[in-house]
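Enquirer: Have a look at this one.
The values are calculated or read from the model by the stated rules, or taken from the named source; none is laboratory data. These figures come from a predicted structure and were not determined experimentally. Cβ placement follows ideal geometry from the backbone for every residue including glycine, while neighbour counts extend to all protein chains displayed.
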Amino acid sequence: MAEKRRLILIFSLVACMMMTSPVLGGDYDENIKKAVQDCRRSYNATGMSLMRDRVYKCYQRALQKQDKRKFDYCAAFDLSAYFVDDMMVRQIHCPPFEGFDSASVSKRIEGGLATMGYDKDRRETEVKLLADTTVKWFKKIFETD
C-alpha cells in the first residue's frame, strides 16, 4: 500500500511539473526561430519604422486569445527588434527607437505573462527561456552575414 501511494505521489508530481513547465522542444524552438526570421525580413523591408505597431498588434492578438505559442512568437519578435535597435544604437550612437528600449520590451513581456496568469517565479523562468532561445537564433540569423 505504501508503494502504491508513493507511485501515485510521484505520478502526481510529474504531472504537475509537466503542466507548469514551459513547452520545449522542436516546436518551441521553431516558433522562436520563425519570429527572429520574420523580424529580420520586416527590418530589411521597412527598417524600424513599422516594428512598434507590428509588435503591439501581435501581443494584442495573442493576449485576446490567451495563445501562449503566439505570445512566445511576439516576445521573440519584440526581443529581436530590440537587439537590432541596440546594435544600431551601439554602432552609430543614435538614441533607441521609441518603444524598443530594454525597459519597454521587458514591461511588454512581463505584463503579457502576468495577463496570462503566470506568477512571478513562472514569469522569470519564461522570460529567461525566451531570452536564451531568442539570443541563440538571433546570433545565427542576424550575425551570419
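Enquirer: Just the residues that are over 12 Å from the mean Cα position of the chain (by Cα) and part of a helix (DSSP H, G or I), please, taken from segment 116-134. Before you say what the answer is, go through the steps one by one.
Expert: Here is the first cut: in segment 116-134, the residues over 12 Å from the mean Cα position of the chain (by Cα) are 116-122.
Result: K120, D121, R122.
Enquirer: Next question. Are there any pairs, at least 6 apart or on different chains, whose C-beta atoms fall under 9 Å, with the first in segment 83-97 and free of Cβ contacts under 8 Å to residues at least 40 places away in the same chain and the second of a type in the set (G, A, S), and if so, which?
Expert: D86/S102; P96/S102; P96/S104
Enquirer: Cβ contacts < 6 Å: first residue over 19 Å from F71 (Cα atoms), restricted to segment 41-56; second residue among the aliphatic types (A, V, I, L, M), any location; separation 6+ or different chain. Result?
Expert: Y43/V84
Enquirer: Here is a follow-up. Suppose we filter segment 90-139 for residues that are hydroxyl-bearing (S, T, Y) and within 21 Å of R41 (Cα to Cα); how many remain?
Expert: First, pick out the residues of segment 90-139 that are hydroxyl-bearing (S, T, Y): 102, 104, 106, 115, 118, 125, 133-134.
Of the ones still in play, those that are also within 21 Å of R41 (Cα to Cα) are 133-134.
Residues meeting the conditions: 2.
Enquirer: Just name the residue that is modelled with the lowest pLDDT out of those in segment 34-77 that are surrounded by fewer than 13 Cβ atoms within 10 Å (Cβ to Cβ) and of a type in the set (S, T, Y).
Expert: Per the stated criteria, the residue is S49.
Enquirer: I would also like to ask the following. Of a type outside the set (S, T, N, Q) and over 22 Å from F142 (Cα atoms): which single residue out of G99, G117, G26 fits that description? Working first, answer last.
Expert: Numbers: G99 fails: over 22 Å from F142 (Cα atoms); G26 fails: over 22 Å from F142 (Cα atoms).
Exactly one residue qualifies, and that residue is G117.
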